[in-house]
Amino acid sequence: VFGGTSSGKLASKVAEMGSFDLGKTEIRKFPDGEFYIRILSDVEDQDCVLIQTTRTSDDLIELFLLSDLLRDLNSSEIHTVIPYLAYSRQDKVFKEGEALSAKTILQLIDKFSDSITTVNCHFFDFEGEFEFYGVRLKNLDAFPLLVEYFNGKLENPVIISPDKGALECGKKAAEIMKCEFDCLEKERVSDDKVIMTVGTLDISNRDVILIDDMISTGGTILEAARILRKEGADTISAGCVHGVFSYGTAELSKILDNLVCTDTIQTEVSKVSIAPLIAENLNREN
Ligand code: R5P
């Protein structure tokens, strides 16, 4: 198991949990910002797993360089695990002339991989294998691990999805926690501004858990938390699988009682690790 810089810690955990060898690399940057990549382990005729989340464009370049190098070094198979798949929100042509970025990125990753696994892919709601523009990928579900974090921690919990897109994961979370569930109505007015209206459930004096697949700018969760405070929620927590946090976590932490994400992207609030999910999946496939 090899980890790129964005998933080094996660790769170590996966290797330990699954009793896999952890591959050694030397990765650094040249003064101009380009990557220097070297694989120090012998990979000839070995099945290799490369774990690299793609929060930034640099993460993608590193992924391409590492996977192509594994091939050059005659590894047998290359299984790419991308905990957070970059550009997954541009999975459709919403306006004429737009780039279908998710397709382009996945087709490039596919060139260097024998299999691709991701976690809670933004444009695919289910666990399992699916195809997207000729690329086969496997989607793992980290929601059970995320929701388990909250289980038993709150007195009067209720799960709220901040929008229709997060409806299914909210319902699933409520089932796991055996608690009530509601959904807010969201209208996006710009990249980082949304307008929201409350659902039908009375949330006064309840411990609200906002559940979403990702927090990016934080606009959605901030607006939801503001409204829920007005409605009299006792405590407000937010849990997401992917903590992109484009604007950091400071504003979110001010309004929320607890902010939690997984380590699909390593952040200061990655309180849940997806390592068991990945290790189990690799062991199942072996
Ligand atoms: C929307 O489809 C997603 O489920 C999230 O609600 C959204 O991507 C979060 O974005 P932001 O944090 O920028 O509001």
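The values are calculated or read from the model by the stated rules, or taken from the named source; none is laboratory data. Computed from a predicted structure; not experimentally measured. Cβ atoms come from the backbone with ideal geometry, glycine included; neighbour counts cover every protein chain shown.
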Of the residues that sit in region 42-97 and are of a type in the set (Val, Ile, Thr) and outside any loop (DSSP other than H, G, I, E, B), which one is farthest from residue 21 (Cα to Cα)?
-> 61
Count of residues meeting criterion [surrounded by fewer than 18 Cβ atoms within 10 Å (Cβ to Cβ) and within 19 Å of the chain's Cα centre (by Cα)] in region 105-119 | 1
Conditions (1) within 11 Å of the ligand (Cβ to nearest atom); (2) surrounded by 20 or more Cβ atoms within 10 Å (Cβ to Cβ); (3) within 20 Å of residue 147 (Cα to Cα) -> residue 216 fails only (2)
For region 245-263, name all the residues that are within 10 Å of the ligand (Cβ to nearest atom), within 15 Å of the chain's Cα centre (by Cα) and surrounded by 19 or more Cβ atoms within 10 Å (Cβ to Cβ).
-> 245
Give 188, 226 a once-over and let me know the one that is over 20 Å from residue 260 (Cβ atoms) and within 15 Å of the ligand (Cβ to nearest atom).
-> 188
Filter result for the condition that a residue is hydrophobic (A, V, I, L, M, F, W, C), surrounded by 15 or more Cβ atoms within 10 Å (Cβ to Cβ) and within 16 Å of the ligand (Cβ to nearest atom), over 195, 203, 221, 176 = 221
State the number of residues belonging to region 141-187 that are of a type in the set (S, T, N, Q) and in a strand (DSSP E or B).
-> 1
Failed condition for residue 208, given (1) touching a Leu at 6+ places or on another chain (Cβ under 6 Å); (2) modelled with pLDDT under 95; (3) more than 13 Å from the ligand (Cβ to nearest atom); (4) not aromatic (Phe, Trp, Tyr), with all others met?
-> (2)
Could you tell me which numbered condition residue 92 fails, if it satisfies all but one of (1) touching a strand residue (DSSP E or B) at 6+ places or on another chain (Cβ under 8 Å); (2) among the charged types (D, E, K, R); (3) within 16 Å of the ligand (Cβ to nearest atom)?
-> (1)
